[in-house]
Amino acid sequence: MKHTVLTGDRPTGPLHLGHYFGTLANRVALQGTHPMYVLIADYQVITDRDRPGAIQRNITELMLDYLAVGLDPDQVTIFQHSAIPELNQLLLPFLSLVSVAEIQRNPTVKDEIEHSSQAAVSGLMFTYPVHQAADILFCKGTLVPVGKDQLPHVEITRLIARRFNERYGRVFPEPQALMGDSPLLAGLGGGKMSKSRGNAIALSATADETAALIRKARTDSERRITFDEANRPEVANLLLLAGLCLGRSPESLAEEIGDGGAAALKSVVTEAVNEFLRPIRARRLELDPDEVRKVLLKGNEVARERAVRTLDEVRAAMGF
Ligand code: TRP
């Protein structure tokens, strides 16, 4: 079956290794064999904060990250929410297809509310999984490469597609999630690796910044390094990170480091991460900001055409 791939990121800051192993690697692998849309989810930024912040700068940085990891603008349509009114308009019929209780149960919404800096939960925060369904369905996406934390959103998207089709006739496919090979990479010091939690290694970080972050990472006092996710989560996470960068199992790395302790572990991790990121960082420096801007404008045009067609179909199916 021919898939259409859709995925995206919020432009809230630089992408990090969690994104890379969770989804970016999959995108690069899939481009060219399937039509692919990559969304810069700029409206989603204001789900968990009052203002969009340095939005233009963050969008440019995100574009640079995409192109540096190897997304090819000739194969992939990169676009932004705020340039596609028709995508956003799908939110209206979609909201009518889910109950408040169904949104309330969404574990990712709960987690985001917990970590949000806002005093009250906004209507946009509450409904953003439905907005995300519009992101996926505007182009009739069938495959969504995402990290594990986004699975509940793909579930809601399937539900919305199914209900829309039942009520109005078949318009939408039911998309599936595609997970990266890595289990959810935790941040340095535990919790989800997240730019807003200050525990992430950005793809654009320098080698020195990377070394400093890893130096500060929490470990434990046991000298012998072992891979034990249940009892030694911080050590296990560092081993996992190095293992992903080196294409090796965390167990074999642990064995090799053995009695070297946290210092040896950290030096292995630093070396592995910096080697892994070296070509990505080099490519980033070669990119021309004007060209990058043009890539986004072109992507917006292509995505908008797609959204117009879907919204027309939706209106027709609903009898509007
Ligand atoms: N919610 C995603 C995140 O915070 C970003 C996103 C927005 C997305 N729309 C999407 C991901 C559609 C996949 C599909 O990382």
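The values are calculated or read from the model by the stated rules, or taken from the named source; none is laboratory data. Quick caveat, the model's predicted, so the values are computed rather than measured. In this analysis, Cβ positions are derived from the backbone assuming ideal geometry, glycine residues included, and neighbour counts consider all displayed protein chains. SASA here: full protein model, heavy atoms, side chains in, ligands and nucleic acids out. Shrake-Rupley method; radii C 1.70, N 1.55, O 1.52, S 1.80 Å.
Summary of values
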{"quantity": "Filtered trypsin sites (Lys or Arg not before Pro), segment 17-107: DSSP coil and at most 13 other beta carbons within 10 Å", "calculated": "ARG105"}
{"quantity": "Mean-position separation - Cα centroids, segment 30-106 and segment 236-297, in angstrom", "calculated": "26 Å"}
{"quantity": "Apportionment of accessible area to carbon and sulfur, the chain, percent (1.4 Å)", "calculated": "52 percent"}
{"quantity": "Most mobile of TYR37, TYR20, TYR168 in a GNM of the chain (Cα contacts under 10 Å)", "calculated": "TYR168"}
{"quantity": "GluC sites (Glu not before Pro) within segment 191-237, DSSP loop, no more than 16 other Cβ atoms inside 10 Å", "calculated": "GLU222, GLU229"}
{"quantity": "Alpha-carbon centroid distance for the pair segment 196-221 / segment 112-126, whole angstrom", "calculated": "27 Å"}
{"quantity": "Simple label model, 7 Å out from Cα along Cβ direction - GLU271 to GLN75, nm", "calculated": "3.2 nm"}
{"quantity": "Two-site label geometry, ARG315 and LEU285: point separation in nm, points 7 Å out along Cα→Cβ", "calculated": "5.1 nm"}
{"quantity": "Size of electric dipole in segment 248-314: Cβ of Lys, Arg +1 and of Asp, Glu -1, about Cα centre, debye, nearest 20", "calculated": "360 debye"}
{"quantity": "The chain, relative contact order [Cα under 8 Å, separation at least 6], %", "calculated": "23 percent"}
{"quantity": "Beta bridge orientation in the chain: antiparallel %, DSSP, nearest 5", "calculated": "10 percent"}
{"quantity": "Histogram of C-alpha separations across segment 16-125, 5 Å bin width, %", "calculated": "2, 9, 16, 18, 20, 18, 12, 4, 0"}
{"quantity": "Rg and Dmax of segment 207-284, Cα atoms only, in Å", "calculated": "12.3, 39"}
{"quantity": "Debye, to nearest 20: dipole size of segment 207-284, +1 on Lys, Arg Cβ, -1 on Asp, Glu Cβ", "calculated": "460 debye"}
{"quantity": "Probe 1.4 Å, protein heavy atoms only - accessible area per residue of the chain in square angstrom", "calculated": "46 Å²"}
{"quantity": "Dimensions (Å) - the chain, Cα atoms, principal axes, largest first", "calculated": "70, 45, 42"}
{"quantity": "Cα centre as origin, Lys/Arg/Asp/Glu Cβ charges: segment 1-54 dipole, Debye", "calculated": "140 debye"}
{"quantity": "Amide H contacts of ILE78 (H built 1.01 Å from N, under 5 Å, at least 5 apart or other chain)", "calculated": "VAL38, GLY299"}
{"quantity": "Listed residues MET63, MET179 arranged by accessible area, highest first, probe 1.4 Å", "calculated": "MET179, MET63"}
{"quantity": "Accessible area (Å², 1.4 Å probe, nearest 10) - VAL100", "calculated": "90 Å²"}
{"quantity": "Degrees separating the helix 207-216 axis from the principal Cα axis of the chain, which is the longest one", "calculated": "70 degrees"}
{"quantity": "Accessible area (Å², 1.4 Å probe, nearest 10) - ARG315", "calculated": "90 Å²"}
{"quantity": "5 angstrom amide H check on GLY8, placed H, neighbours 5+ away", "calculated": "LEU39"}
